[in-house]
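Reading through the structure tokens given below for one structure.
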Amino acid sequence: KVYVLRIGHRPERDKRITTHVALVARAFGASGFLLNPCDEKIIEKIRETESRWGRFLEEIECVRSPLDYVRKWKESRGKVVHLTMYGMKLDEAIEEIKDTKSDLLLIVGAEKVPREYYDLADWNVSVGNQPHSEVAALAVFLDRLFDGKELYREPANPQIKIVPSRRGKRVVKGSEDSEGASR
Ligand code: SAM
């Protein structure tokens with residue numbers, strides 16, 4: 001399982017991008033989303049998304065001390081990946097990361113990430129060595145990790161779901177199949 005820890009969130013300016021980090025975590029295969037500093041509005045919004053579109057995330061929480069969270073994760077749960085443009089190349093790291101069968105905590109930052117995270121991470125991984133976005137870095141990393149298989153997995157108990165179509169928009173109730181008939 002993969003959990004995403006978003007650190008350095010600035011409630012006055014990062015609401016939209018942090019929401020996108022959480023939505024991408026959910027849509028690209030993560031099983032948990034953790035946030036610091038706390039922003040209840042974002043947590044609430046992601047919980048709403050989960051009840052409407054279906055459950056992928058078993059945990060959506062604020063964490064009080066993200067450094068302690070990372071230390072505990074390493075002690076009792078699994079490995080830690082920090083996404084940073086300074087890190088090792090994705091192509092090299094991803095094979096090693098896929099080989100570990102343990103759960104992964106994926107850290108993404110906002111502004112400057114404190115040194116301790118670089119030291120605690122089992123892998124500091126770059127998605128290219130140019131500065132870009134936590135949303136893009138997360139999406140590319142997860143897609144490589146899961147080889148693209150995460151995109152069309154089915155969430156549990158959706159209220160609504162999309163029927164893929166070449167043109168137009170087809171949305172059915174979660175309990176209906178793609179023909180529109182109830183299951
Ligand atoms: N300047 C900041 C620093 O010193 O870490 C990074 C700011 S960047 C807008 C915010 C986050 O996006 C980073 O913490 C990192 O998680 C992610 N990010 C940006 N570019 C990246 C890249 N090329 N590879 C991996 N992650 C990246």
_Looking at the structure I just gave you, is residue 41 basic (Lys, Arg) and within 13 Å of residue 103 (Cβ to Cβ)?_
no
*Among the residues of the stretch 1-54, how many are closer than 18 Å to residue 104 by Cα and among the charged types (D, E, K, R)?*
3
*Being under 19 Å from residue 114 (Cβ atoms) and part of a helix (DSSP H, G or I), is that true of even one residue in the stretch 36-43?*
no
*Qualifying residue in the stretch 44-52 (condition: surrounded by 14 or more Cβ atoms within 10 Å (Cβ to Cβ) and outside any helix (DSSP H, G or I))*: no
*Within the stretch 36-58, can you find the residues that are away from the ligand (no atom under 16 Å from the Cβ), under 29 Å from residue 131 (Cα atoms) and touching a strand residue (DSSP E or B) at 6+ places or on another chain (Cβ under 8 Å)?*
38, 39, 40, 42, 43, 46, 57
*First in the stretch 106-133 and farther than 24 Å from residue 11 by Cβ, second anywhere and within 6 Å of the ligand (Cβ to nearest atom), Cβ under 6 Å, 6 or more apart*: 124/84; 125/83; 126/85; 127/137; 129/85
*Would you be able to say whether some residue in the stretch 1-22 is buried (at least 20 other Cβ atoms within 10 Å of the Cβ), of a type in the set (D, E, K, R) and modelled with pLDDT of 95 or more?*
yes
*Can you pull out the residues in the stretch 74-93 that are more than 16 Å from the chain's Cα centre (by Cα) and either within 12 Å of residue 118 (Cα to Cα) or of a type in the set (A, V, I, L, M, F, W, C) (or both)?*
85, 86, 87, 88, 90, 93
*asked:* With the requirement that a residue be crowded, with 17+ Cβ neighbours inside 10 Å and either charged (D, E, K, R) or more than 21 Å from residue 27 (Cα to Cα) (or both), what does the stretch 100-119 give you?
replied: 113, 117
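The values are calculated or read from the model by the stated rules, or taken from the named source; none is laboratory data. Since the structure is predicted, the reported quantities are computational estimates derived from the model, not experimental observations. Using ideal geometry, Cβ is built from the backbone for each residue, glycine included, and neighbour counts are taken over all protein chains shown.
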